[in-house]
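Everything below concerns the one structure shown next.
Every number in this text was worked out from the coordinates using simple rules, so none of it is lab data. Given the structure is predicted, the values throughout are model-derived calculations rather than measurements. Because the Cβ atoms are built from the backbone with ideal geometry, glycine has one as well, and the counts that use them run over all protein chains shown.
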Amino acid sequence: MDVFLQTERMTLRRFTGADLDDLVELDSDPEVMRFLTNGRSTPYEVVRDDVVPRILAEYEGSSRHGRWAATDTGTGRFLGWFSLARPDHDDLDEADLGYRLRRESWGQGFATEGARALVRTAFTGLGLRRVFATTMAVNVASRRVMEKAGLRYVRTFHLEFDDPIPGTEHGEVEYAVTADEWQRTRQPRPAGRDG
């Protein structure tokens, strides 16, 4: 098992071809896919022939970007995944934070725990300058995770979709934090005087 990092309760490790069924199951849950595809599953063949090979190729292309399987350290149970993806633009000192967890893992703090760990690793271990994340404006739960991970709201923007899903009209939001901003929040505050 090629471990990328461990948190208090989770192990984040490289994916392998053996994770195919877990990824198919994850992308088959309508609630997990609600803000991505309006609940439509990703077909098995797409996960097998496109998603898994793309994830595995990311490990060869960059030591600073990738997607990792999240498992419960105690039980080994597959929880979902976290990623620091290569940005669509050319600034490879940045990463797009992502996460997708099984519904059974929601509401237990796993998303925040993993996101915080990846932000910390991005700045202290990978030398990245900026981490950002995007989601639909109406995806309140994901926005809360971004905020708890130390990212701050940057902007709302609108994309054109051939088949928009409910909520698209409210736009997408971007949250971000730079290494300098993150470091400042980690510094102890000087004791102030009262009065």
Inset, instruction - Report, in deg cm²/dmol and to the nearest 500, the calculated mean residue ellipticity at 222 nm for the chain, where each DSSP H run with n ≥ 4 adds -39500 (n - 2.57) and the sum is divided by the residue count. - result: -7500 deg cm²/dmol
Legend entry - Under-5 Å amide H pairs with F4, H placed in peptide plane, nonlocal only: L12, R13, R14
Legend entry - Test item: Cα-centred dipole of the chain, Lys/Arg +1 and Asp/Glu -1 on Cβ, debye: 1120
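Looking only at the chain, where both bridge partners belong to it, what percent of the DSSP beta bridges are antiparallel (to the nearest 5)? Write down the numbers at each step before the final one.
Numbers: 32 of 35 bridges.
Taking every DSSP beta bridge with both residues in the chain, the antiparallel ones total about 90 percent.
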Inset, instruction - Specify the angular offset, from 0 to 90 degrees and rounded to the nearest 10, of the alpha carbon long axis of helix 110-124 from the longest principal axis of the alpha carbons in the chain. - result: 60
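So how strong a dipole does the stretch 1-64 carry about its Cα centre when Lys and Arg Cβ are +1 and Asp and Glu Cβ are -1, to the nearest 20 debye? Walk me through the intermediate numbers first.
Working: 8 positive and 14 negative charges, 52 e Å.
My answer is approximately 240 debye.
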Inset, instruction - Using θ = phi - 60° and the Karplus relation 6.51 cos²θ - 1.76 cosθ + 1.60, list the HN-Hα couplings for the stretch 151-156 in order, rounded to whole Hz, with x at every Gly or Pro. - result: 7, 10, 4, 10, 6, 10
Inset, instruction - Identify, among Y99, T37, G150, the residue whose Cα sits farthest towards the positive end of the charge dipole of the stretch 3-186, taking +1 on the Cβ of Lys and Arg and -1 on the Cβ of Asp and Glu, with the dipole about the Cα centre. - result: G150
Inset, instruction - Please determine, in degrees from 0 to 90 and to the nearest 10, the orientation of helix 52-61 with respect to the longest principal axis defined by the Cα atoms of the chain, where the helix direction is its Cα long axis. - result: 40
Legend entry - Proximal charge balance of W81 [Cβ under 13 Å; K/R count +1, D/E count -1]: +1
Inset, instruction - Give me Rg over Rh for the stretch 3-186, both radii from the alpha carbons and Rh done the Kirkwood way, two decimal places. - result: 0.94
Inset, instruction - Go through G114, F82, Y175 and say which Cα lies farthest out towards the positive end of the charge dipole of the stretch 3-186; charges sit on Cβ, +1 for Lys and Arg, -1 for Asp and Glu. - result: G114
Legend entry - the stretch 58-101 and the stretch 131-185: distance between their alpha carbon centers, rounded to Å: 17
